[in-house]
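A quick write-up on the structure given underneath.
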Amino acid sequence: VSELDTDMDYTCISDYRREKLKKLKGDNKKMSLGVELLLTYAIEKYYPDIEFPLLFTQNEHGKPAIKDTDIYFNLAHSSNVSVCAIADSPVGVDVESKYRVSDAVKKRCFTQNEYDSEFYHIWTRKEAVSKAEGSGISLGFDTFSVLDDDVVIDKIKYRLTSFDASLNDVYISLCLQS
């Protein structure tokens, strides 16, 4: 995404993204643009009947959805990496670039069993679950464990998978409601 021109008129991006871009600067602006371009590419490839630009709605927690479709998606970015996931059921994805994390953050967000685990592996999994569930961080990261690939929240089952991308110490996790 570092090569994206944020001043170019991208006719395929949504009004929702245009409004977000107005509030951002520098690399954050490129990351935000990059994730929507990924989403546009994925929708064009797998759902060719969808018209552009996309129209979005949001749930009560602010999670966007494509209006009047049964297409679920989630976007994430960190450092110079953007990711997009699309599915036919609720989906969450997270990407994090490795940096130093305080013990206070671990204590606040991890269950006791997770505390000694690799931070980025656990963090991206928790983010992916909370995004698939739809509440985001308000779900309470210390209320569920992601040590197993199956997570149940409010009697709904979610399936997790993680990728340890060696490129730039990037960690990616994907969660799908099953």
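The values are calculated or read from the model by the stated rules, or taken from the named source; none is laboratory data. Since we're looking at a predicted model, the values are computed, not measured. Methodologically, a virtual Cβ is constructed for each residue, glycine included, from the backbone with ideal geometry; neighbour enumeration extends over all protein chains shown. For accessibility, only protein heavy atoms count, side chains too; no ligands or nucleic acids. Shrake-Rupley method; radii C 1.70, N 1.55, O 1.52, S 1.80 Å.
Observations, loosely collected:
- Checking each residue in the stretch 125-164 for being small (G, A, S) and either in a helix (DSSP H, G or I) or without any contact (Cβ under 8 Å) to a residue 60 or more places away in the chain (or both) picks out A128, S130, A132, G136, S138, G140, S145, S162.
- The listed residue being within 27 Å of V35 (Cα to Cα) and buried (at least 17 other Cβ atoms within 10 Å of the Cβ), out of S162, S89, S138: S162
- Residue that is out of contact with any Asp or Glu (no Cβ under 7 Å at 6 or more places or on another chain) and modelled with pLDDT of 95 or more, where the choices are D103, D150: D150
- Those residues of the stretch 5-18 which are open to solvent by 50 Å² or more (accessible area, probe 1.4 Å) and over 19 Å from the mean Cα position of the chain (by Cα), in sequence order: D5, D7, M8, D9, T11, D15
- Failed condition for D70, given (1) closer than 26 Å to I153 by Cα; (2) open to solvent by 90 Å² or more (accessible area, probe 1.4 Å); (3) in contact with a strand residue (DSSP E or B) (Cβ under 7 Å, 6 or more places away or on another chain): (3)
- Considering (1) open to solvent by less than 50 Å² (accessible area, probe 1.4 Å); (2) farther than 18 Å from A76 by Cα; (3) at pLDDT 85 or above, the lone condition that E44 does not fulfil carries the number (1).
- Candidate set: the stretch 92-108, residues that are open to solvent by less than 70 Å² (accessible area, probe 1.4 Å) and of a type in the set (D, E, K, R); chosen: the one farthest from the chain's Cα centre (by Cα): K106
- Number of the exception - T111 against (1) surrounded by fewer than 17 Cβ atoms within 10 Å (Cβ to Cβ); (2) closer than 22 Å to A42 by Cα: (2)
- Selected residue (criterion: most open to solvent (accessible area, probe 1.4 Å)) from residues of the stretch 123-135 that are under 10 Å from the mean Cα position of the chain (by Cα) and not basic (K, R): E127
- Some residue of the stretch 141-150 being open to solvent by less than 100 Å² (accessible area, probe 1.4 Å), over 24 Å from A104 (Cβ atoms) and not basic (K, R): yes
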